[in-house]
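Report on the structure given below.
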């Protein structure tokens, strides 16, 4: 059908009675859009078919043109009267209400009877009325013919609403102001909706600018609709020039720095498939910064007729990519370290299940990682033992304790006993790994094979025990008292002899500090000597008068890095002998010097009278006596005596010594082939003289004396009464006597023998008398100085 003909028929159907109709009514009747209805009606108006009029609200009404007058005021007023969507009323020139339609009553709440004749300012707020706003708007309308504005108005019940107001001035043909039309529309909901939309738009704008990723909207041709600052800043795009760019103008690169073809990019893929693209990773070249890694999420917006726009979410993941790559490198490095580590490493989850076992762990146990995870058929035959070889109870292994307590275990020794009985000793360390929520996620255990070390340790322990036993036996047999201290001065060993001198038993002092056991020792020379020995690591020897025990003690201390070994013995008897010997020597030297002085005087007189040859022997005897006295004094004063070793034939020394002590009835026999020895002749003669005197004094004047050679020395024996066995150890003591002698003869013999480095002992002769043996004697011509 012809479009104009269809429009005429629509007018005939709705305007047959001459009533006005609106544009929307016509559009509904014709079945077209409102803008198309306006076009058709304006065309019909040009042909005189219809006429139209614009209302104060801005809307238009239409009616058919004919013989009847359809535009009279009564019909128009009737039309206005029935409008409910708008408050439409007229004002007189002074602003007083003259008419009131249904819309006004509905919107403002007043009936016509309540408001006609009232001033229109009563609909304004009190503040606006006092400020003269109503009169101001009326004056503007009178001046300009029309004014439109928005503001709050007040209903009859006192509530306020937001209104759109249009005031239009009405004039007569003579130019006289007839009054005003006032059209008020309630815009409260629209204003709220508009405000809400504005807030939502502002919120979206704010969100777009604050989200940590770039957001952009592009059209189906790839041009930008909008983009937040993260896109413009990150991609180097000026916001004012955004419309010059398209997403297809970007240069994107893949992992290998190769350019990504346009068809493989997210825009083309979404446009082709209609499906979103998630986490598309690529490189983008940014001026001044080089290549940056981007992650793109692209989603389509479909308006029902196809994809109209696309939304891009773009995130710069350069740092994240670098961290990921670094973590990947570190993980690969860690995996290589795990596999090449000489220490067994295995990882368990929170339930105790094995997640990983490195190559060394598999080698140690002889099981594959799969077998460790799934547990072998003979798993029940494997046993875990503690450091003492005792089975570990369930939950007592290092890893199990970490699972239970969350605390790290360090260097704990355990043994794993395989089904064949072989024991593998391990040093285990285990530690927890916690997740972000603070819960235990993993337990990592390391095991180092210490089987060989453990075997050596057991062997060393066994050997140490044996050595301690041997040492205890040896130290128990040491004739001197002995104790050992560690580097903290604690007793570690005490032999039986030491217990006789210490204030407490050996068992009581073990592991106690020496200075606590003997607190008074801190005030003696012992403190200084012991500390000096430890500081210098040099042995020391000293004598100490123990007033507590009333004895003299000689101590020898030998330091080491681990402590001090101390040997000591009671030298009270020796000190007493030395005291008595010194006293004796002083007396003897005094008594001898007096007759010697007289003899010296006579010898001097004889020399002056020319009788020197008569006294030569006396002179030699005098000189020898002087040497004896000097040596005796030095010996008594515990000073080193001077010896002058030379080759001395024993037979000649024996003969001269016998001549000084022989009696008429005593006899001397000397074995053949007596050796020549290295000795001080005077001291050696003193030895024989005192041994001969001892034989005569104890065996009688008719005693028979025999001198003979030994393989390393010589002997002197007699046929006298001998020395009882229980007295033999005392005959060499200072002042010991069992007859008429002084008791110092054998003491002098002992000193002379020891000065040469020899040893002397007494036993029974073949005839029942006394036999003295001197050993350790060096033969002559060797020129070896004695000890």
Q | Restricting the range 296-310 to residues that are modelled with pLDDT of 85 or more and more than 15 Å from residue 272 (Cα to Cα), the residue that is surrounded by the most Cβ atoms within 10 Å (Cβ to Cβ) | A | 296
Q.
Being buried (at least 19 other Cβ atoms within 10 Å of the Cβ), free of Cβ contacts under 8 Å to residues at least 40 places away in the same chain and not in a strand (DSSP E or B) is the filter here; which residues of the range 137-185 pass it?
A. 137, 141
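Among residues belonging to the range 266-281 that are at negative phi and in contact with a strand residue (DSSP E or B) (Cβ under 6 Å, 6 or more places away or on another chain), point out the one that is surrounded by the fewest Cβ atoms within 10 Å (Cβ to Cβ).
In this case the residue turns out to be 278.
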Q | Test result for residue 93, surrounded by fewer than 18 Cβ atoms within 10 Å (Cβ to Cβ), touching a strand residue (DSSP E or B) at 6+ places or on another chain (Cβ under 8 Å) and either modelled with pLDDT of 90 or more or outside the structural domain of residue 22 (by TED's automatic domain parsing) (or both) | A | yes
Q: Check 337, 286, 356, 327 and return the single one that is over 19 Å from residue 270 (Cα atoms), surrounded by 14 or more Cβ atoms within 10 Å (Cβ to Cβ) and not assigned by TED's automatic domain parsing to the domain that holds residue 265.
A: 356
Q: Could you identify the single residue in 407, 412, 439 that is within 23 Å of residue 453 (Cβ to Cβ), in the same structural domain as residue 450 (by TED's automatic domain parsing) and modelled with pLDDT of 85 or more?
A: 412
(Q) Looking only at residues that are touching a helix residue (DSSP H, G or I) at 6+ places or on another chain (Cβ under 6 Å) and at pLDDT 85 or above in the range 715-768, which one is nearest to residue 681 (Cα to Cα)? (A) 752
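Per-residue answers, yes or no, for (1) in the same structural domain as residue 276 (by TED's automatic domain parsing); (2) in contact with a helix residue (DSSP H, G or I) (Cβ under 7 Å, 6 or more places away or on another chain); (3) at pLDDT below 75; (4) farther than 25 Å from residue 290 by Cα:
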{"site": "206", "(1), (2), (3), (4)": "no, no, yes, yes"}
{"site": "215", "(1), (2), (3), (4)": "yes, yes, no, no"}
{"site": "218", "(1), (2), (3), (4)": "yes, yes, no, yes"}
{"site": "225", "(1), (2), (3), (4)": "yes, no, no, yes"}
{"site": "231", "(1), (2), (3), (4)": "yes, no, no, no"}
{"site": "236", "(1), (2), (3), (4)": "yes, no, yes, no"}
{"site": "239", "(1), (2), (3), (4)": "yes, yes, yes, no"}
(Q) Could you go through the range 373-392 and let me know if any residue there is part of a strand (DSSP E or B) and under 22 Å from the mean Cα position of the chain (by Cα). (A) no
Q. Just one of 301, 345 is outside the structural domain of residue 447 (by TED's automatic domain parsing), within 30 Å of residue 373 (Cα to Cα) and part of a strand (DSSP E or B); which is it?
A. 345
Q: Quick one: residue 487 ticks every box in (1) surrounded by 15 or more Cβ atoms within 10 Å (Cβ to Cβ); (2) in contact with a strand residue (DSSP E or B) (Cβ under 7 Å, 6 or more places away or on another chain); (3) at negative phi except a single one, so which number is it?
A: (1)
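Could you pull out the residue among 650, 691, 706 that is surrounded by 20 or more Cβ atoms within 10 Å (Cβ to Cβ) and without any contact (Cβ under 8 Å) to a residue 60 or more places away in the chain?
The unique qualifying residue is 706.
The values are calculated or read from the model by the stated rules, or taken from the named source; none is laboratory data. Just so you know, these numbers come straight off a predicted model, no measurement behind them. Glycine also receives a Cβ, built like all others from the backbone with ideal geometry; neighbour counts cover every protein chain displayed.
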